[in-house]
Amino acid sequence: MAKVRPQEGGREDNSSLVVCFGEMLIDFVPTVGGVSLAEAPAFKKAPGGAPANVAVGISRLGGSSAFVGKLGDDEFGYMLADILKQNNVDSSGLRFDSSARTALAFVTLRADGEREFLFFRHPSADMLLRESELNINLLEKARIFHYGSISLISEPCRSTHLAAMKIAKRSGSILSYDPNLRLALWPSAEAARKEIMGIWDQADIIKISEEEITFLTEGGDHTDDNVVLEKLYHPNLKLLIVTEGSEGCRYYTKEFKGRVAGVKVNPIDTTGAGDAFVGGILSNLASDLDLFKDEKQLREALLFANACGAVAVTERGAIPALPTKEAVLKLLRNINA
């Protein structure tokens, strides 16, 4: 039986609240770089999970955020809940399950540059969140409702995800989608593509990587604007962002498109860089929902988001590396000096 905990953390000002839905887990990251999981001599325990990373990222930048999801009724689950509290993330939408464990993931960047993942979810608590456990009042307060695709993989979480989207949309929220493809978790590539694209046209804002473009368009050239615009841009979309790692990002709106260069740093661990980027852009959008109508302002916000991603790769783990606004502004001042 799932337990409901009282609200922890959170901020009083909900006018720019970003509610993040999905998984929170423990990432185990090798203590040395450039090795496979089998070769790693030891691992550092790091809190993670893309939607939770984004929620913490927004709060660290001074924004208002909440996390909706489920953790195991275990030591790792309570550790993660405390991390949300410590970072001023509203956890009134968090639930605990005594029948499943908190999810674990082992992740490394090998010497050849490839990310390697090993997940322990058989099933994990995040997969068991039910519609009846949703905090509807919290969802209705969301100025932006942000989610990924991992919560679409299995029931009951899939139906809960779809219900939460409907509640948020009905309440006037902007829907933000980062597919965050983790193919190893899906039963097949076809199932992943079908589910990810199944909710594509409901999003107002979408952030994707170059690899995800190739996957979702079944081999399309991720550098080709026509591939992106014809296959992935839909009529309801306000902003589509393509992240290019250290090279920066591309952006597409109904009125304009362009590219913002990345911010160069010496990377240590790229885990969570994309989530730091999303936190950066959503924290700006939550303050000004018309941002994507002004190209100059949008470019400034995307440069800020690029800098968020850059700061995040200078430390191991996802949540431990998420930057404060001061750290991001300092980096931007340094590159302009």
- Task: Would you please put 278-291, 23-36 in order of how densely packed they are, using the mean number of other Cβ atoms within 10 angstrom per residue and starting with the highest?
- Result: 278-291, 23-36
- With only Lys, Arg, Asp and Glu charged, each at its Cβ (+1 for the first two, -1 for the last two), find how big the charge dipole of the stretch 130-272 is about the Cα centre; round to the nearest 20 debye. 600 debye
- Task: Sequence neighbours fewer than 8 away in the same chain don't count; with that in mind, list the lysines whose C-alpha is under 24 Å from Lys293.
- Result: Lys141, Lys169, Lys207, Lys231, Lys238, Lys254, Lys257, Lys325
- How big is the charge dipole of the chain about its Cα centre, in debye rounded to the nearest 20, if each Lys and Arg gets +1 on its Cβ and each Asp and Glu gets -1 on its Cβ? 620 debye
- Can you pull out the GluC sites (Glu not before Pro) in the stretch 190-286 that DSSP calls coil and that have at most 11 other Cβ atoms within 10 Å? Glu218, Glu255
- Query: Spin-label point model (7 Å from Cα, Cβ direction): what's the Lys325 to Arg158 distance in nm?
  - Reply: 4.1 nm
- Note on the structure: Averaged over all viewing directions, the convex hull of the alpha carbons in the chain casts a projected area in nm² of 15.8 nm²
- Item | Cα-based reach from Lys330 at 18 Å (exclusive), listing lysines while leaving out same-chain residues under 8 positions away | Lys264
- Note on the structure: The set of residues whose placed amide H lies less than 5 Å from the amide H of Val68, leaving out same-chain residues fewer than 5 positions away, is Cys20, Phe21, Gly22
- Which listed residue (Leu80, Leu185, Leu17) has the Cα farthest towards the positive end of the charge dipole for the chain, taking +1 on Lys and Arg C-beta and -1 on Asp and Glu C-beta about the Cα centre? Leu17
- Counting other Cβ atoms within 10 Å of each Cβ, which GluC sites (Glu not before Pro) in the stretch 72-119 have at most 10 and sit in a DSSP loop? Glu114
- Pop out the ³J(HN,Hα) list for the stretch 227-234 in order, Karplus 6.51 cos²θ - 1.76 cosθ + 1.60 with θ = phi - 60°, rounded to Hz; leave Gly and Pro as x. 4, 5, 5, 7, 9, 10, 8, 10
- Item | Relative packing of 235-243, 141-149, 53-61, 37-45, which averages over residues the other C-beta atoms within 10 Å, highest first | 53-61, 141-149, 235-243, 37-45
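Whole number in Å², please: accessible area per residue of the chain, 1.4 Å probe, ligands, DNA and RNA not counted.
Details: 14010 Å² over 337 residues.
Averaged over the residues of the chain, the accessible area is 42 Å².
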- Message: Tell me the carbon and sulfur percent of the accessible area for the chain, rounded to whole percent, probe radius 1.4 Å.
- Response: 50 percent
- 3J(HN,Hα) from dihedral phi, the stretch 27-35, Karplus parametrisation 6.51/-1.76/1.60, rounded to Hz, x for glycine, proline: 8, 9, 10, x, 6, 10, x, x, 10
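The values are calculated or read from the model by the stated rules, or taken from the named source; none is laboratory data. The shown structure was predicted, so the numbers you read here are calculated from the model rather than taken from an experiment. Cβ coordinates were reconstructed from backbone atoms using ideal geometry, including for glycine residues, and neighbour counts include every protein chain displayed. We work out accessible area using only protein heavy atoms, side chains counted, and drop any ligands, DNA or RNA first. Shrake-Rupley method; radii C 1.70, N 1.55, O 1.52, S 1.80 Å.
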